[in-house]
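Report on the structure given below.
The values are calculated or read from the model by the stated rules, or taken from the named source; none is laboratory data. Predicted model only: the values in this text are computed from it and were never measured. As a convention, Cβ positions derive from the backbone with ideal geometry for all residues, glycine included, and neighbour counts pool all protein chains shown. Side chains included, ligands, DNA and RNA excluded: accessible areas come from the protein's heavy atoms. Shrake-Rupley method; radii C 1.70, N 1.55, O 1.52, S 1.80 Å.
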Amino acid sequence: MAEYSTANLRTVALVGHGAAGKTTLAEMLLAKSKMIGAPGSVEKGNTVSDYDPLEKAALHSLRASVLHCDYNGTRIHLIDTPGYPDFVGQAIGALDAVETAVVVVSATAGIELMTRRMMQWAKDRNLCRLIVVNKIDHDNVDLPGLLARLQEAFGPEVLPINLPAGGGTRVIDCFDRDEGEADFWSVAEVHRKVMEQVVEVDDAAMEKYLEEGAVDPSTLHAPLEKALREGHLVPVCFVSARTGAGVQDLLDVMVRHLPNPAEGNPPLLFRGEQRFRAEPDPAKHVLAHVFKVVNDPYVGKIGVFRVHQGTVQKDTQLFIGDGKRAFKAGHLFLLQGKDTVEVARLLPGDIGAVAKVEDIAFDSVLHDSHDEDGIRMKPLEFPKPMYGLAVEPKRRGDEGRLSEVLAKMAAEDPTLAIEHDVAQNETVIRGLSELHLRTVLERMSAVYKLEVTTRPPRVPYRETIASAAEGHARHKKQTGGAGQFGEVFLRVEPLPRGAGFEFVDQVKGGVIPFNLIPAVEKGVREVLASGFVAGYPIQDIRVTVYDGKHHPVDSKEVAFVAAGRKAMLDALPKARPIVLEPIVAIQITAPDGAMGDISGDLSARRGQITGTDNLPGSMMVIKGLVPLAELDGYAGRLKAITQGQGSYTIELSHYEPVPPTVQQQLANEYRARRKAAEEED
């Protein structure tokens, strides 16, 4: 296999909305560069990218796939990413491995949710951006209108550098050429606009352009790279991935115009609060970043990484983060979908993989010297996993295996969260949507042969009190030998929301020995954990023990645990106990035309709007507060209201008392559960 210098490498992530044709485009890029004999088909399930059986069944990508193609003396590292919002974690993670985000837009569907998101996320990571309009050969597409909408949404810097010609059967270059016949617009006019946009970032080029009225495009490599790095130019190319029209031209654009690893913006590496600049120099110490992890049942853990500095050679000793123990990179691989190609070394700009390194993790920084300890990539902002399912194994004895499998799957997917709620005694998996979690469960079954049952997770209600009260209890037990005796007087008071629990000892004169006060607190905490009204933990309460009695022989820890518990149970019904529900802050991104329907739906869910912000392209952010219990099924409802264009994030805001009817319902359910448990005993 040919070796390439850093100057002859390009790194590109194909991103964008689902069904825009990214995987089909990747196939055609591989075919046009002679890496494969003929392009595969998503429908036939024979593409290089979508090799996973679940992807073949779904007919779309579920995970990022790493590819490469060699073309005109240049190696292009490609990452084909999922396009549906349900699997966006894989797409976001790929951004830190590339210089350029190629945002693929369907000519038939136009600007979609993930188009906007990926354009913004790529901009936030300082990446160069290239828009590829696919499906130009389809009937009834409005390409001039789509270009106008792209400029409206993302700015006047969005300019085509080629145009469709021959009814979408080919494209004509508008960067080097100022003449020719396109299907729409003037090649000369587009050429002029692109030249003016590029020379604006370079004083010498601008001066020459103003003096001579033209500039040789072959002299504009440096200004073009600068315009791309600064986002002053976002080129647009046209293709039909299905027929291959424009794909060879796209390869030429990638090789000629996209930055190599030494020309792109430096990675967002930090040591503490200070920016750390990695140099794409093969002679420097190694610095690489893990952006993808795969747990293969046969191969083991595979870490996929981008080299930013230095040369990783076979048998290089590498450290993971601040770890003190090095591992030996015994085998280095280039990836081509599921296939691997072993190589002797990886240079700055290369994307490679190592296998069977158990300590490697997503977002790890790999290095070969402790001089690089403490270096981290700037954290990516992933959407918060919101949709939850409580899971438990179908077969008894699989509890440990469930934890192990979930840990492996969470290591692969930064948008999959695993929670174990001790209070509810349940394991909850959280993802971005019902489809996301359904795919997780299918993978658990297909790959790990682990079957589980699921149900909606319990809402994490809490209890507290609304007024102060006092409680008293005497615990006395005589069993023939040593007895048990303890007496406790205590006071309970409500605390502000979020204050938690306070235990205060105001006992005077040793009526309860100081060494038995912790036993009283233990009894109190037992009641707090088990709840009183509906079986939920009690919080935001102060308990003050102020009096009691003890016996010099019979008073022992077990007696005061029981007395503390009984005194709490005596005080709570007098303190007006109430149930609290979690209120979440919600941010909804949706088309502005859906504002009325969204507001009405939130009101029906006992929610309230707290503010709105307008976004480019007729989108807006709606902020509000809503009870978590009312969000069951909200993802589907929002999708219906916004025709799939809406999304939302939530985070805990505070707790508030539930309505009296809800409290009564929860209390009745709690009593029924207790009665059923007593009857079983």
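Tell me the relative contact order for the chain as a rounded percent, counting alpha carbon contacts under 8 Å between residues six or more apart.
Relative contact order here is 10 percent.
What are the ³J(HN,Hα) values, in whole Hz, obtained from phi via the Karplus relation 6.51 cos²θ - 1.76 cosθ + 1.60 with θ = phi - 60°, for each residue of region 556-569 in sequence order, with x given for Gly and Pro?
Taking θ as phi minus 60°, the curve returns 8, 4, 4, 5, 7, 4, 5, 5, x, 5, 5, 5, 5, 5 Hz for region 556-569.
What whole-number distance in Å separates the alpha-carbon centres of region 524-586 and region 32-59?
Centre-to-centre (Cα) distance: 62 Å.
Would you please put 666-677, 280-291, 315-326 in order of how densely packed they are, using the mean number of other Cβ atoms within 10 angstrom per residue and starting with the highest?
In descending order of packing, they fall as 280-291, 315-326, 666-677.
By per-residue mean of other Cβ atoms within 10 Å, what is the highest-first order of 81-94, 592-605?
Going from most to least packed, we get 81-94, 592-605.
Please compute the per residue accessible area over region 382-518 with all protein chains in place, 1.4 Å probe, rounded to a whole number of Å².
With all protein chains present, region 382-518 gives 51 Å² per residue.
Can you work out ³J(HN,Hα) from phi for every residue in region 636-651, in order, using Karplus 6.51 cos²θ - 1.76 cosθ + 1.60 and θ = phi - 60°, giving whole Hz and x for Gly and Pro?
Whole-Hz 3J(HN,Hα) from phi for region 636-651: x, 5, 5, 4, 5, 5, 9, 6, x, 8, x, 8, 8, 10, 9, 8.
Using a Cα-Cα cut-off of under 17 Å, which lysines could be cross-linked to LYS193, ignoring same-chain neighbours fewer than 8 residues away?
The qualifying lysines are LYS208, LYS226.
Working from Cα positions, state the angle (0 to 90°, nearest 10) between the long axis of helix 660-680 and the longest principal axis of the chain.
With rounding to tens, the tilt is 70 degrees.
What FRET efficiency do you get for ALA585 and GLU3 if R0 is 45 Å and r is their Cβ-Cβ distance, rounded to the nearest 0.05?
It comes to 0.30.
Hey, with R₀ at 60 Å, roughly what FRET efficiency would GLU680 and GLU230 work out to, going by the Cβ-Cβ distance, to 0.05?
0.30
Just how far, in whole angstrom, is region 471-514 from region 652-666 if you go by their alpha carbon centroids?
30 Å
Per residue of the chain, what 222 nm ellipticity follows from adding -39500 (n - 2.57) for every DSSP H run with n ≥ 4, rounded to the nearest 500?
Only helices count here, giving -8500 deg cm²/dmol.
Mind running the shape call on region 99-251? Use the C-alpha gyration tensor, a ≥ b ≥ c as the square roots of the eigenvalues: rounded below 1.5 for a/c, prolate if a/b tops b/c, oblate otherwise.
Verdict is oblate for region 99-251.
Can you pull out the trypsin sites (Lys or Arg not before Pro) in region 335-418 whose DSSP state is coil and whose Cβ has at most 15 other Cβ atoms within 10 Å?
LYS338, LYS356, LYS394, ARG395, ARG396
Relative contact order, percent, of region 1-66 when contacts are C-alpha pairs under 8 Å separated by at least 6 residues?
For region 1-66, the relative contact order is 22 percent.
Using modelled amide H (1.01 Å from N, peptide plane; none on Pro or chain starts), what sits under 5 Å from the amide H of LEU332, excluding residues fewer than 5 places away?
It is VAL343, by chain and number.
Taking all protein chains in place and a 1.4 Å probe, what share, in percent, of the accessible surface of the chain do carbon and sulfur account for?
48 percent
Could you give the length gained by full extension between LYS378 and LEU210, i.e. 0.36 nm per residue of separation minus their alpha carbon distance, to one decimal place?
Between LYS378 and LEU210, full extension yields 56.4 nm more.
Nearest 10 degrees, 0 to 90: what angle lies between the long axis of helix 399-412 and the longest principal axis of the chain (Cα atoms)?
That works out to roughly 30 degrees.
Amide H to amide H, which residues 5 or more places from ARG542 or on other chains are under 5 Å from it, using H placed in the peptide plane?
The answer is GLU493, LEU495, GLU502.
Assuming R0 = 25 Å, what is the FRET efficiency of LEU59 and GLU434, from their Cβ-Cβ distance, to the nearest 0.05?
0.90
Along the positive direction of the dipole of the chain (beta-carbon charges: Lys, Arg +1; Asp, Glu -1; about the Cα centre), which of SER33, ALA585, VAL132 reaches farthest?
Of SER33, ALA585, VAL132, it is ALA585.
Counting only DSSP beta bridges with both residues in region 1-116, tell me the antiparallel percent, nearest 5.
40 percent
Checking the cross-link filter: which lysines have an alpha carbon closer than 22 Å to that of LYS301, excluding same-chain neighbours under 8 positions apart?
Straight-line reach from LYS301, under 22 Å: LYS292, LYS314, LYS324, LYS328, LYS338, LYS356, LYS408, LYS449.
Which cross-chain or sequence-distant (5 or more) residues have an amide H under 5 Å from the amide H of TYR71, H modelled 1.01 Å from N in plane?
ILE76
Ranking request for peptides 632-642, 578-588: highest mean number of other beta-carbon atoms within 10 Å first, then the rest in descending order.
578-588, 632-642
Aspartates and glutamates within cross-link reach of LYS623: Cα-Cα under 15 Å, excluding same-chain residues under 8 positions apart?
The qualifying aspartates and glutamates are ASP592, ASP597, ASP601, ASP613, GLU651.
Where the centre of each part is set by its Cα atoms, how far does region 153-224 sit from region 594-626, in angstrom?
Cα centroid of region 153-224 versus Cα centroid of region 594-626: 42 Å apart.
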